[in-house]
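Enquirer: Sharing a structure, written as structure tokens. Questions coming.
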Amino acid sequence: RRGMAKSKFEYVRDFEAPDTCLPNCWVVVRVDGRNFHRFSEKHNFEKPNDIRALQLMNRCAQNVMEELKDICLAYGQSDEYSFVFHKKSSWYKRRASKFMTHVVSQLASSYVFYWKEFFPNQPILYPPGFDGRVILYPSEQNLKDYLSWRQADCHINNLYNTVFWMLVQRGGLTPAQAQKRLQGTLAADKNEILFSEFNINYNNEPLMYRKGSVILKKKVNEISTKVIKLKGEEEIEVEVSRSRNQFAILHCDIISDTFWEENPDIFS
Ligand code: ATP
Ligand code: ATP
Ligand code: MG
Ligand code: MG
Ligand code: MG
Ligand code: MG
Ligand code: MG
């Protein structure tokens with residue numbers, strides 16, 4: 001770096017272990033809020049779904065995608081978000097620690113930075129933390145199955161939480177009683193409790209709660225006109241086209257093939 005000579009301390013760099021991600025694999029980084037059970041209580045999140053908190057997570061995830069260019073898709077639910085780096089990415093020589101720490105720190109600082117846009121009347125009481133992990137998927141099918149797994153998890157948890165909080169908030173049960181009531185019930189039983197006791201058709205609950213959020217990147221060409229003047233000639237107008245990223249946040253099913261057929265360019 002600075003100066004020509006290497007210090008006698010340089011050898012300590014050899015203690016750093018290589019952590020290159022296998023080439024040609026999709027790199028997924030998943031982050032998850034640390035102890036958000038407590039964080040959500042302390043910050044008076046509405047149960048089971050605080051829409052402000054979900055939209056804040058979506059905003060943060062979009063910021064991560066704006067900053068880290070090789071991410072082609074993100075999927076989030078609850079206090080977690082998964083980011084997919086393109087399999088051809090050579091960012092930071094594909095070092096796993098770089099992928100993971102850049103995603104998790106960018107998300108965590110965004111969470112605090114954007115907090116008051118989404119919670120104007122609720123001060124943030126302490127700095128939240130997030131964990132991160134890296135997972136490699138060697139095929140597009142494995143990657144799609146990973147994303148399906150997260151969306152299925154969203155569905156299972158949200159159905160449970162929706163009934164649980166109905167039993168507590170409107171059914172007058174204590175949390176312990178509600179938990180007991182739901183022990184061993186199947187999805188059909190939970191749908192039935194919602195329908196017969198609370199007149200709720202689960203399928204009419206907001207899509208963002210049931211399906212989570214997918215963020216896609218779309219390249220758009222912006223065409224603008226610019227006036228230029230060459231030496232000794234008159235001014236002329238030229239069209240300049242600049243490619244820019246646009247982000248779309250969707251709350252749709254990503255398990256069925258339809259989504260992938262309708263968005264064939266995501267992984268290209
Ligand atoms: P860990 O540190 O192991 O992740 P955790 O308490 O964060 O612990 P999770 O399994 O990640 O456990 O669950 C997240 C918790 O945060 C859920 O219990 C849920 O109640 C709460 N939570 C997250 N997002 C929301 C939201 N938008 N609205 C209401 N509650 C939320
Ligand atoms: P990278 O993303 O690769 O880390 P970088 O620009 O952060 O890129 P570093 O090698 O980490 O590169 O160097 C940090 C830079 O930040 C330095 O060049 C220095 O100019 C600036 N910097 C950091 N701390 C201070 C400080 N306290 N006062 C002034 N400048 C600082
Ligand atoms: Mg530095
Ligand atoms: Mg966890
Ligand atoms: Mg968590
Ligand atoms: Mg979680
Ligand atoms: Mg630096």
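Enquirer: Out of all the residues in the stretch 64-80, which are free of Cβ contacts under 8 Å to residues at least 40 places away in the same chain and within 16 Å of ligand 1 (Cβ to nearest atom)?
Expert: none
Enquirer: Could you say whether any residue in the stretch 249-258 is in a strand (DSSP E or B), surrounded by 10 or more Cβ atoms within 10 Å (Cβ to Cβ) and touching a residue at least 60 places away in the same chain (Cβ under 8 Å)?
Expert: Among the residues of the stretch 249-258, at least one is in a strand (DSSP E or B), surrounded by 10 or more Cβ atoms within 10 Å (Cβ to Cβ) and touching a residue at least 60 places away in the same chain (Cβ under 8 Å), which makes the answer yes.
Enquirer: Looking only at helices (runs of 4 or more DSSP H) that lie completely in the stretch 128-226, which have at least 1 residues being β-branched (V, I, T)?
Expert: Those helices (runs of 4 or more DSSP H) span 140-169, 187-198.
Enquirer: Cβ contacts < 9 Å: first residue at negative phi, restricted to the stretch 161-180; second residue assigned to a loop (DSSP other than H, G, I, E, B) and among the acidic types (D, E), any location; separation 6+ or different chain. Result?
Expert: That search, which allows pairs on different chains as well, returns T162/E205.
Quick note: the coordinates plus some simple rules give every number you see, no bench work behind them. Quick caveat: nothing in here was measured; it's all calculated off a predicted structure. Every residue, glycine among them, receives a Cβ derived from its backbone with ideal geometry; neighbour counts consider all protein chains shown.
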